[in-house]
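First comes the structure, then the notes that go with it.
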Amino acid sequence: MKKNSSILIIYNARLVDSKMDGNGTIIIAEGKIRGITLGECKSAKNALLLAQAFLTESEFESAPELYDAKGLTLMPSFIDMHVHFRYPGQTQKEDLDSGLHAAVAGGYGTVVLMPNTNPVISDRELAKKVMEEANSKNLARVFQTVSITKNFEGKDTSCLDSLTNDEFPVITEDGHDVDSAAVMLEGMKKAGEKNIIVSCHCEDPSLAQAARPYRQRALGFMEQYGIPAGKVNVETPNVPASVNFEIDGNLTKANSILALAEDTATLRNIEIAKSAGCHIHICHCSTKVSMDAVRRAKEEISWGNTPHGFDCTVEVTPHHLGLVGTDAPNIRALVNPPLRSEDDRRAIIEALRDGTVDAIATDHAPHTQEDKAKGAPGFTGIETAFAVCNTILVKKEDFSLSKLSRLMSANPARLLRINAGRLKVGYNADLVLVNPDEDWIVNSENFASKGKSTPLEGKQLTGKVHATFFGGKKVF
């Protein structure tokens, strides 16, 4: 009898989501979770018997497909609020195929694409075209954001007028901030009226400009002495100590200014969002000062002391919670916002612990090796994200795997208003099978992403993705 590919039974699994952690079996039909049974089930025969209660007679008789999880952990697939797939216009860095294959290799079932492409995605039709092309590949669910201002010029918000929140739950000017507070207010008012989230890359443009000469000076020394900017673990025994001092000193100055740029812009954007009555989502928050500002805003919301419509959520990245950037070699791992101090890293972890942080997002930012060597900020992260978070938060900081699932799946699903992120009957069967105890060594040559630059090269992480299911179909 031919197996029914629309019915899948995953058994012999540890089931973990934001509210569940126990052995069990999941029955999937037509892309949705049809049934869940808790309790150990190690045989295909017993799995079929358990599934019988959730399937019609014809479904059961048409030979459902069986998948033995072999005791591994089945979770809702991860949801990334912040990725760069570089499409259209920068396909030498990434494209939809490589980006989506990287996503599923990392256990992701939903991704939100940033609009800083070429051309900038500033209109509904281009955004829809990208989404339709991406979603036709049936690997993961894709949302394409639209820029707050037309072509990132910081003046015209008419690109928001035709948007609806069902198609476009998030808008952003990611890559930089909207310079004019008045224009940002106008954009946020439009978003508030439409119940669209404004995702903010908080960085004061004038301060970012002030930091640039210091970073360029450091890059100049690195180029002169043959130190590749895209690799942090390269030994440089023949470089004079004075040169290393100049490189790291200039990067320290740049990073200090960029911390101030983040903090002032975070405060500004939160206040503008209050006035506009919109939902602001703070991207890649990386400093204690900015996180404290988010915490205060959330406290005001809980007290009922904020305008109608105002909400504030925040994401952090795996690299900011896992790496310190004040000393060599990671001070040379160029990314915006930069890797921060140990005090900042601890503040992020405590904000994850106390519930201030809503989501972990990768800010996956692939570049060519040539662009990285010239100092392009950002690196590949979607294929290492779960392992970094599991290693740091679960193994070292005593977070539960359920709490991690909340941050990587349930909360982002709630923000995007999609029927995913939980192991729950009726939810999309977007799932990931992981071994949270498996050690592995990062080798970027094995990445599906075109971007091979990562400060984690050669590092040992714990937590391995073994399979990813999208709508009940195995895609990795």
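The values are calculated or read from the model by the stated rules, or taken from the named source; none is laboratory data. This one's a predicted model, so the numbers in the text were calculated from it and none came from an experiment. Don't worry about glycine lacking a Cβ; one is built from the backbone with ideal geometry, like all the others, and counts go over all protein chains shown.
Things worth noting here:
- In region 173-197, the residue that is surrounded by the most Cβ atoms within 10 Å (Cβ to Cβ) out of those that are in contact with a His (Cβ under 7 Å, 6 or more places away or on another chain) and within 27 Å of A254 (Cα to Cα) is E173.
- Residue match in region 239-257 (condition: in a loop (DSSP other than H, G, I, E, B), on the phi < 0 side of the Ramachandran plot, modelled with pLDDT under 95 and surrounded by fewer than 19 Cβ atoms within 10 Å (Cβ to Cβ)): yes
- Considering residues of region 123-148 that are in contact with a Lys or Arg (Cβ under 8 Å, 6 or more places away or on another chain) and closer than 21 Å to D363 by Cβ only, the residue surrounded by the most Cβ atoms within 10 Å (Cβ to Cβ): Q144
- Residue within region 436-443 that is among the aromatic types (F, W, Y), under 29 Å from T313 (Cβ atoms) and either crowded, with 18+ Cβ neighbours inside 10 Å or at pLDDT 95 or above (or both) present: no
- Extreme residue, farthest from the chain's Cα centre (by Cα), among residues of region 71-84 that are farther than 16 Å from V316 by Cα, part of a loop (DSSP other than H, G, I, E, B) and touching a residue at least 60 places away in the same chain (Cβ under 8 Å): L72
- In region 186-228, of all residues being among the hydrophobic types (A, V, I, L, M, F, W, C), under 24 Å from the mean Cα position of the chain (by Cα) and assigned to a loop (DSSP other than H, G, I, E, B), the one that is nearest to N336 (Cα to Cα) corresponds to C202.
- Residues that are in a loop (DSSP other than H, G, I, E, B), more than 25 Å from the chain's Cα centre (by Cα) and surrounded by fewer than 20 Cβ atoms within 10 Å (Cβ to Cβ), drawn from region 155-172: K155, D156, D161, S162
- Members of region 317-334 that are farther than 23 Å from A359 by Cβ and either buried (at least 18 other Cβ atoms within 10 Å of the Cβ) or of a type in the set (S, T, N, Q) (or both): T326, N330, I331, R332, L334
Okay, residues lined up against (1) farther than 27 Å from E173 by Cβ; (2) outside the structural domain of S199 (by TED's automatic domain parsing); (3) among the acidic types (D, E):
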site	(1), (2), (3)
V316	no, no, no
G322	no, no, no
D327	yes, no, yes
I348	no, no, no
L393	yes, no, no
